[in-house]
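The values are calculated or read from the model by the stated rules, or taken from the named source; none is laboratory data. All figures in this text were calculated on a predicted structure; none of them were measured in a lab. FYI the Cβ positions are ideal-geometry reconstructions off the backbone, even for glycines, and counts take in every protein chain you see.
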Amino acid sequence: MDLSTTPDQEALRAELRMWLEANLPWEYGVGLPPRFEDLADAVDFGRRWQHDLAAAGWVGVTWPVDVGGRGFGPVENFVVTEELARARAPELVGRIGINLVGPTLLAHGTLDQRRRWLPAILSATEIWCQLFSEPDAGSDLASLTTRAEPGDGGYLLNGRKVWTSYAQFADWGLCLARTEPDAPRPQQGISALAVDMHADGVEVRPLVQLTGEAEFNEVFFDDVFVPADHLVGERGRGWNVAGSTLAHERGVNPRQLVIHTQLVDELLRLAEQNGAFDDWRHRQALAETYTEVRLFQLHNWRSLSKMAKGEDPGPEGSALKLYWSEMSQRLHRHAMEILGPAAPLWQGADENPGDGAWQRSWLYYQAASIFAGTNEIQRTLVGERVLGLPRG
């Protein structure tokens, strides 16, 4: 495993840092992005911010040059992500399109599809969502029941999806639907379709989370027409397309690494401010938290080293997802202990550091062991595909 960066990669880091110092709408290294009470306002800000980043070439840096990327490798992408995090830049509002849909289209999309959708994904002119999960399928994605009936010039889509992030703001969705219901195996007969989220028959119902926000949604399809040229990959081979998407979702995760690196730094500052280091139990918990985040970094670098050599990260990505989700929940449990009497408070209290930011983060990451594949599913994948254990 190579933990070093090359001179060219460090030059890239310096280039981005200079751009951020000149273009951030807050003071580099000190200020923070604006906070919005309304999620729609946050999305509008995110669109503008991603548009500026993309115009300067800092979005989709691993994508080919002919579709707006820079043709860089995974280590360069990691460097860019690290620097954006160091500047406290907000997450990309179009991250599903950048991290999941874009690579899927590059692997399975037609030339016309790539030309049509990739530039708008980079600039956040169009936001995408992922239409995979269903309420009756749980973690068994192969048992999905949403149907796309082939017809004249396309498909009629009927069914229901759930836990769809940002669906209420999305322009397009990458949807898995059953096109051949009589296929002999559940994984067969599923197709991947690009669905216009503004089409007739699409209904989005936001789901309010523990945080009080509604990033997730239910999506209903009632005879939604999907043109034939919106089929991604081969008809009936959508399971292979989904495999590409989920590999990106569960593989190397610089986004969660930088988020948790920031969180542990903030937690250490909080402990210093409120005297938590004086309690040996808190010291032990903080040492554990710091060590686990560093181990997460090493796990990422191990996968990065394989990818830099042109190797597939493989099913080990499930182990990485399993690790960070449980690490995150332990980190947030320690944070609530260190907040002490302020832990139940949410807003408007001087004694509540962060004005509810830790509380919101704790609530949000209770779902870490569920989203992007439950921990039970990840353990099954690790057991069968990494350790070679017999199927239960």
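Values for this structure:
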quantity	calculated
Filter result (in contact (Cβ under 8 Å) with a residue 40 or more places away in the chain and either under 14 Å from Ala194 (Cα atoms) or within 19 Å of the chain's Cα centre (by Cα) (or both)) within segment 121-137	Ile121, Leu122, Ser123, Ala124, Thr125, Glu126, Ile127, Trp128, Cys129, Gln130, Leu131, Phe132
Strands (runs of 3 or more DSSP E) wholly inside segment 130-195 containing at least 3 residues that are among the β-branched types (Val, Ile, Thr)	none
The listed residue being without any contact (Cβ under 8 Å) to a residue 60 or more places away in the chain and either aliphatic (A, V, I, L, M) or farther than 22 Å from Leu39 by Cα (or both), out of Asp112, Asp152	Asp152
Test result for Ala285, at pLDDT 80 or above and small (Gly, Ala, Ser)	yes
Among the residues listed as Ile121, Ile96, the single one being touching a Cys at 6+ places or on another chain (Cβ under 9 Å) and not aromatic (Phe, Trp, Tyr)	Ile96
Total residues in segment 203-229, condition crowded, with 19+ Cβ neighbours inside 10 Å, out of contact with any Lys or Arg (no Cβ under 8 Å at 6 or more places or on another chain) and at pLDDT 95 or above	2
Test: residue in segment 352-373 that is farther than 17 Å from Glu266 by Cα, in contact with a Gly (Cβ under 7 Å, 6 or more places away or on another chain) and either modelled with pLDDT under 80 or of a type in the set (Ser, Thr, Tyr) (or both)	no
Scan of segment 178-199 for residues that are without any contact (Cβ under 8 Å) to a residue 40 or more places away in the chain and among the acidic types (Asp, Glu), ordered by number	Asp182, Asp196
Qualifying residue in segment 45-59 (condition: crowded, with 19+ Cβ neighbours inside 10 Å and under 28 Å from Asn240 (Cα atoms))	yes
Selection within segment 186-198 - under 16 Å from Cys129 (Cα atoms), crowded, with 16+ Cβ neighbours inside 10 Å and out of contact with any His (no Cβ under 9 Å at 6 or more places or on another chain)	Met197
Output for segment 251-310, where each listed residue is farther than 21 Å from Thr6 by Cβ and either touching a strand residue (DSSP E or B) at 6+ places or on another chain (Cβ under 7 Å) or of a type in the set (S, T, N, Q) (or both)	Asn253, Gln256, Thr261, Gln262, Gln273, Asn274, Gln284, Thr289, Thr291
Segments classed as helices (runs of 4 or more DSSP H), wholly inside segment 200-310, with at least 3 members that are within 30 Å of Val30 (Cα to Cα) and touching a residue at least 24 places away in the same chain (Cβ under 8 Å)	254-274, 280-308
Some residue of segment 28-44 being of a type in the set (D, E, K, R) and touching a residue at least 12 places away in the same chain (Cβ under 8 Å)	no
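The rows are residues; the columns are (1) in the same structural domain as Ala170 (by TED's automatic domain parsing); (2) crowded, with 22+ Cβ neighbours inside 10 Å; (3) at pLDDT 95 or above; (4) of a type in the set (S, T, N, Q).
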{"position": "Val30", "(1), (2), (3), (4)": "no, no, no, no"}
{"position": "Pro33", "(1), (2), (3), (4)": "no, no, no, no"}
{"position": "Trp63", "(1), (2), (3), (4)": "no, yes, no, no"}
{"position": "Ile121", "(1), (2), (3), (4)": "no, yes, yes, no"}
